[in-house]
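Please read the structure below before turning to the comments.
The values are calculated or read from the model by the stated rules, or taken from the named source; none is laboratory data. None of these values were measured; they are calculated from a predicted model. Heads up, the Cβs are rebuilt from the backbone with ideal geometry, glycines too, and the neighbour counts pull from every protein chain shown. These area figures cover heavy atoms from the full protein model, side chains too; ligands, DNA and RNA do not enter into them. Shrake-Rupley method; radii C 1.70, N 1.55, O 1.52, S 1.80 Å.
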Amino acid sequence: MDFKFCLPVDIRFGADAVTKNASALRLGKKALIVTGATSAEKCGALADCVDALKSQGISYYTFKGVGNNPEVEQCAEIAAIAVREGADFVIGIGGGSPMDAAKAIAVFASNPDISYAELFKNEYKIAPLPIVAIPTTSGTGSEVTPWSILTWHEIKTKRSFGSQVTFPTLALLDPKYTKSLPLSVTRHTAMDAFQHCFESMMSHKSTPISDALNTHALREFASCMEQLESGDVDPIREKLMLISMLGGCTISHTGTTHMHALGYPLTYYYGVPHGFANAMVMPVYLEELEKHEPERLQRALTALNMSASELKSYVLRNYEITINPSADELPNWAEQTNRQGSTKNTDIPNDVENLLDMFDRIFSGKLK
Ligand code: NAP
Ligand code: ZN
């Protein structure tokens, strides 16, 4: 056996995590806070963060308006504001979008002259500014991953970057911030968290530590599935945030697999929310796992205490395909997916032909 597991994030989880751990925010003299449009304010996370900074005598500048599926161009623009304001650390408050943007901003602020291509290749000389992440969704686990997934229009899809230096220094998780999430976003993001744990178990990069965390997370997710379906989600908000964070810890080491890679074009071209896009792909992904990764699949199903067909019908019932691409679009999607490194993490073939066949099966009967 041969593995490593290093997660250099100070994780504080629980009610009032931000205000209780205010002293942990002493990472610099001035913070650049980045949020999405309005949710950080509405859910109370921004006010808690500002109170915590003030209690420590730390000044701050707030940028509101990171878009969903953030664009690399916008991150570079916000980084210029960080430099102008003299910020020496970055706090991302929100779902995966503001947290991922915070990582790119932290890199660009330290390395203003790098190109987008250099960012995505993790080619820069100066360490990024320290990053703090405060999640307000339970989905991406971005608060504990080094990954940042950005829209890059030049290649007409999303691309990720990340290395040992882009892990957040501090993650402050308080499940109460997710109470204001609409049911639909709760469902999509919960699916994303589940998919991370599930795909991490399928990955050939999995380790005994990631398997242990994923097994626990999948058991917890199984206990949430009924309430996610019925819509009675308030009692499971704490569990969902835990699952999301555990998934982040594990994909940091194992990466994701075909399901995420196949989901990106659905988001880029049709704006399907990330976890929902992966769910549309999942039934066909499960068929491929049955063929190419039966043992790993069985391990995950055992943790969930369900069969592949039960899982497939749960997904089909709750995450119906809502888009109708044309057959002409699919070859390009297959080419793009083939370039995603995550498709090399399992034995499912990642040649363009198989990927196109998977897209054909996903949209069978649904094409324009
Ligand atoms: P998101 O794109 O950050 O946010 C989706 C929507 O939810 C936004 O409209 C946001 O509104 C709203 N929202 C957020 N928190 C809320 C709250 N507490 N109450 C009410 N509304 C709230 O969603 P996400 O699913 O968390 O993140 C998706 C992004 O993360 C994608 O770009 C995906 O590719 C990326 N991702 C990253 C990783 C990673 O490891 N880094 C892993 C998976 C996915 P506001 O605009 O007002 O905030
Ligand atoms: Zn994801």
Test set (1) surrounded by 18 or more Cβ atoms within 10 Å (Cβ to Cβ); (2) touching a residue at least 24 places away in the same chain (Cβ under 8 Å) - residue 154 fails condition number: (1)
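Can you tell me which of 11, 78 is out of contact with any helix residue (DSSP H, G or I) (no Cβ under 6 Å at 6 or more places or on another chain) and hydrophobic (A, V, I, L, M, F, W, C)?
Answer to the check: 11.
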Out of 40, 47, which single residue is crowded, with 18+ Cβ neighbours inside 10 Å, among the aliphatic types (A, V, I, L, M), away from ligand 2 (no atom under 16 Å from the Cβ) and closer than 19 Å to residue 22 by Cβ? 40
Which one of these is more than 13 Å from the chain's Cα centre (by Cα) and at pLDDT below 95: 134, 155, 236, 209? 155
Restricting the first residue to segment 120-139 and requiring it to be touching a residue at least 24 places away in the same chain (Cβ under 8 Å), which pairs with a second residue that is in a loop (DSSP other than H, G, I, E, B) and among the β-branched types (Val, Ile, Thr) meet a Cβ separation below 8 Å and a spacing of at least six or different chains? 130/169; 131/169; 132/169
What are the residues in segment 314-334 that are in a helix (DSSP H, G or I), open to solvent by less than 50 Å² (accessible area, probe 1.4 Å) and not aromatic (Phe, Trp, Tyr), if any? 315, 318, 329, 330, 334
Within segment 22-44, can one find any residue that is more than 22 Å from residue 78 (Cβ to Cβ) and without any contact (Cβ under 8 Å) to a residue 24 or more places away in the chain? no
Consider segment 272-300. How many of its residues are open to solvent by 30 Å² or more (accessible area, probe 1.4 Å) and away from ligand 2 (no atom under 16 Å from the Cβ)? 9
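Let's see how each residue does on (1) assigned to a helix (DSSP H, G or I); (2) within 14 Å of ligand 1 (Cβ to nearest atom); (3) over 21 Å from the mean Cα position of the chain (by Cα):
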position: 48; (1), (2), (3): yes, yes, yes
position: 53; (1), (2), (3): yes, no, yes
position: 57; (1), (2), (3): no, no, yes
position: 61; (1), (2), (3): no, no, yes
position: 66; (1), (2), (3): no, yes, no
position: 73; (1), (2), (3): yes, no, no
position: 76; (1), (2), (3): yes, no, no
position: 81; (1), (2), (3): yes, no, yes
position: 84; (1), (2), (3): yes, no, yes
Are any residues in segment 67-96 of a type in the set (Val, Ile, Thr) and farther than 19 Å from residue 244 by Cβ, and if so, which ones? 72, 78, 81, 83, 90
In segment 60-105, the residues that are under 18 Å from residue 185 (Cβ atoms) and hydroxyl-bearing (Ser, Thr, Tyr): 97
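Just give me the residues in segment 22-35 being outside any helix (DSSP H, G or I) and open to solvent by less than 10 Å² (accessible area, probe 1.4 Å), in sequence order.
Answer for segment 22-35, where residues must be outside any helix (DSSP H, G or I) and open to solvent by less than 10 Å² (accessible area, probe 1.4 Å): 31, 32, 33, 34, 35.
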Which of the residues belonging to segment 303-313 are in contact (Cβ under 8 Å) with a residue 60 or more places away in the chain and open to solvent by 80 Å² or more (accessible area, probe 1.4 Å)? 305
Search result, residues across segment 263-290 that are closer than 16 Å to residue 367 by Cβ and either of a type outside the set (A, V, I, L, M, F, W, C) or not in a helix (DSSP H, G or I) (or both): 265, 269, 270, 272
Among the residues of segment 294-313, is there at least one that is within 13 Å of ligand 1 (Cβ to nearest atom) and not β-branched (Val, Ile, Thr)? no
Residue set 127, 82; condition open to solvent by less than 20 Å² (accessible area, probe 1.4 Å) and of a type in the set (A, V, I, L, M, F, W, C); output residue 82
